[in-house]
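Every read-out reported here was derived from the displayed coordinates using simple, explicitly stated rules and does not represent laboratory data. A quick note: this is a predicted structure, and the numbers were derived from the prediction, not measured. Cβ atoms come from the backbone with ideal geometry, glycine included; neighbour counts cover every protein chain shown.
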Amino acid sequence: MVASGQVGLWAGFSMLRQFVLIALVVVSAVGDAAAQTPSDAAKSMVGAWEISNAARDKTCPVAFSLDAGAGGFKIELDAACATVFPSLRDVVVWAMGPRDAVRLLDSKGVIILDFTEVEAHMYEAERKGEGLFFMRTQAAIQAATVNPEQLFGEWTLLKEFEKPLCKLTLSNTAPGTESYRITVKPGCEASIAGMGLSTWRLDRDELVLSGRSGAFRFSESDNTTWERIPPSTDPLLLMRQ
């Protein structure tokens, strides 16, 4: 015969068990609802992006979606990404973090990269031993890409905006599949004339002027001005006329 105290005890346990089960169902429902209603920041991530290093000589195309994955939303990485960035081979999902950070996670929920927005549609992350990573939309990259047609015309090489060294024409005549001819005007400063500049080309986001004695490499400062790289205390500028 079961004592009345034991009956009460078992009844208490039964009620507690039912309460726990109900709580778990509620938590699960809330979690499902949250997964089905992503934030506006999460919605803005949907689409094609590119992850790169600082020099952008290593790139990884990725696509974000709002399809539910284990611990986040599904992400699709290009097959070459694991070779270019070995640390990305374990990424299976992405999720939003505090202050709208974008986190790439492995199957155990470990954060591989934690991106923060540094400007509109430009994110930055740092991984110890690997340096900085950048992430931009593919649309923004295409819009920022310079085409050769935009550079045809008259240009001047200067020092510090005040010392013209040489006037030249970046022509649309192509001696090769990727390069175009340079016409150097008379009166160039000796150091420039001595290089024998003859061709120009675009190398990703950089403009390269080549000659028999070497080459100049420039990075775009604005629509009319390019600056020689790497930067130095004696800058050389290429300015459209």
Rg (Å, one decimal) plus Dmax (Å, integer) for the alpha carbons of the range 127-225? 16.0, 52
Each label sits 7 Å from Cα toward the beta-carbon; between A68 and S171 the label points are separated, in nm, by 6.5
In nm, give the distance between the simple-model label positions of T183 and T37, each being 7 Å from the Cα along the Cα-to-Cβ direction. 6.6
I want to make sure I understand the PRE zone here: with the label point 7 angstrom from the Cα of K163 toward its beta carbon, which residues in the range 184-227 have backbone N atoms less than 15 Å away? 189-193
Which lysines, if any, have their Cα less than 24 Å from the Cα of K163, not counting same-chain residues under 8 positions apart? K185
Kindly state, to the nearest 0.05, the FRET efficiency for K128 paired with D205, given R0 = 30 Å and r defined as their beta-carbon distance. 0.65
To the nearest 0.05, how large is the calculated FRET efficiency for E149 and I229 if R₀ is 22 Å and r is the Cβ-Cβ distance? 0.45
Using alpha-carbon pairs under 8 Å, 6+ residues apart, how would you state the relative contact order of the range 87-127 in percent? 28
Under 26 Å Cα-Cα from K108, which lysines qualify once same-chain neighbours fewer than 8 residues away are excluded? K43, K74, K128
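Give the residue list of trypsin sites (Lys or Arg not before Pro) in the range 149-241 that are DSSP loop and have at most 13 other beta-carbon atoms within 10 angstrom.
R204, R212
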Taking the Cα of Q142, stepping 7 Å toward and past its beta carbon, and measuring to each backbone N in the range 39-58: which are under 19 Å? 44-52
Relative contact order of the range 43-187 (C-alpha contacts under 8 Å, at least 6 apart) in percent is 14
Give the residue list of trypsin sites (Lys or Arg not before Pro) in the range 50-90 that are DSSP loop and have at most 15 other beta-carbon atoms within 10 angstrom. R56, K58
